[in-house]
Amino acid sequence: MTSLDLAGLVLVAGRALDLEEAAVLGLADLEAAASVLAAARNPAGGPERQAAILVRGLVRGQVFGPRSGEVALLAACQLLALHGLAAVDLGRRGPCATCWPAWPAAGSASTS
């Protein structure tokens with residue numbers, strides 16, 4: 001079974017926060033991050049449960065400061081991908097026309 005390790009979590013945090021690795025290491029509570037990862041490793045319920053535990057632990061502990069939620073969601077998606085489960089397309093940030101095709105474009109009037 002594949003799992004996300006601390007080094008992988010730091011890389012995910014760097015991408016989520018748009019920070020270099022050194023800045024992430026200075027910001028993060030690495031002891032808390034390791035504890036969250038240990039709690040998320042191999043729980044009953046499979047990778048979905050692992051991802052939920054990871055998100056809850058990173059957000060509640062504010063492991064990466066006030067933007068921990070962003071890191072937690074991206075880390076959960078990465079963890080699911082490691083298990084072969086597709087969560088989302090992580091190629092672009094924020095809502096876009098390809099992510100939300102049912103939403104009207106900005107400035108256009110809805111006819112429904």
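Only the coordinates and a few stated rules stand behind these numbers; no lab work does. Since we're looking at a predicted model, the values are computed, not measured. Backbone-built Cβ (ideal geometry, glycine too); neighbour counts: all protein chains shown.
At 20 °C and a viscosity of 1.002 mPa s, what translational diffusion coefficient does Stokes-Einstein give for the range 1-62, taking Rh as the Kirkwood radius over Cα pairs? Give it in µm²/s as a whole number.
Estimated diffusion coefficient is 179 µm²/s.
Here the peptides 17-23, 58-64 are ranked by packing, the mean other Cβ count within 10 Å, and the order with the highest first is 58-64, 17-23. Remark: spin-label model distance L82-A22 equals 2.7 nm, labels positioned 7 Å along the Cα→Cβ axis.
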